[in-house]
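As structure tokens, the structure follows; a few thoughts come after it.
Where a number appears in this text, it was derived from the coordinates with a stated rule and is not lab data. Fair warning: this is a prediction, and the values are worked out from it, not measured in the lab. Glycine gets a Cβ as well: all are built from the backbone with ideal geometry, and neighbour counts include every protein chain shown.
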Amino acid sequence: MLMRPAVLAALVAAVSTPLGAQAPAQPQIPAKPAPVERLGPDTLRMGQVRIDTAKREVTVPGTVNDVPVLEFVANTKSREKAYESALTLDTDGVTINTALILIGLDPAHAVAPAMHFDAAAPKGDPVEIWVEWTDAHGKPRRIPAEELVFNASTNQTLPRGPWVYLGSGFNEAGYLADQIGVIVSFAHTPAAIIEHPSPAGVGNYGAWKLNPALSLRGDAPVTVTIRALPSPARK
């Protein structure tokens, strides 16, 4: 059943886990998610975010950031974290989080990092993330998001997932993902909507780069797909 935008906004606030103060509010923080449009029996659109409830997939366009060091995989369109993130996605945090809730992800299952660079593994509903683009030779490419992130010290990419859905959280200033400007992280931060559970990205700032083997140019258009995976049985 299609819910009204105001109801969806209330749903996001109700199920997200409150957290302590993390960062000052930014003026770009949206007051509510983008309006919901029905495209078909199982497909919806919120701004640039497309939702397939049958496939349990969310798809959003973005661009590559030409940056020397990575701490995050994807930032919001406010570009607050574009200087250390692989991709800028054409959405805000509250909109894409609402879309992820609509495909069945539940932040009530999340155990978020307690602090930035928390060594403990975050937990949550499992997802996989895919990145697609057309290379310089006109060939379509599709890779798991882990392959975007390359460690120059170990010559390895991030370990394969699954990633975990956290949903970000709130403090007295509002929604953390939009305050900080981060959607997908591997550094273990309380603000992220999606995190990588591996400790590989914790405490290695400066070593992580955009994978040079991919030859991705700055501002190249990409499409990111986030797909919900079957959750393990919960006691």
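Could you derive backbone 3J(HN,Hα) for the range 120-135 from the dihedral phi with the Karplus parameters 6.51, -1.76 and 1.60 (θ = phi - 60°), listing whole Hz in sequence and x where the residue is Gly or Pro?
Karplus-based 3J(HN,Hα) across the range 120-135 equals 5, 6, x, 10, x, 4, x, 9, 10, 10, 10, 10, 10, 7, 10, 6 Hz.
From the phi angles alone, apply the Karplus equation (6.51, -1.76, 1.60; θ = phi - 60°) to the range 217-222 and give each ³J(HN,Hα) in whole Hz, x where the residue is Gly or Pro.
8, x, 6, 5, x, 9
If Lys and Arg each add +1 and Asp and Glu each add -1, what is the summed charge of the other residues whose beta carbon sits under 11 Å from the beta carbon of residue 205?
Around residue 205, the surrounding residues sum to -2.
Rg/Rh for the range 136-235: what does it come to with C-alpha atoms and Rh from Kirkwood?
So for the range 136-235, dividing Rg by the Kirkwood Rh gives 1.00.
In a GNM of the chain with a 10 Å cut-off on Cα contacts, which of 188, 116, 137 has the highest mean-square fluctuation?
Greatest mean-square fluctuation among the candidates belongs to 137.
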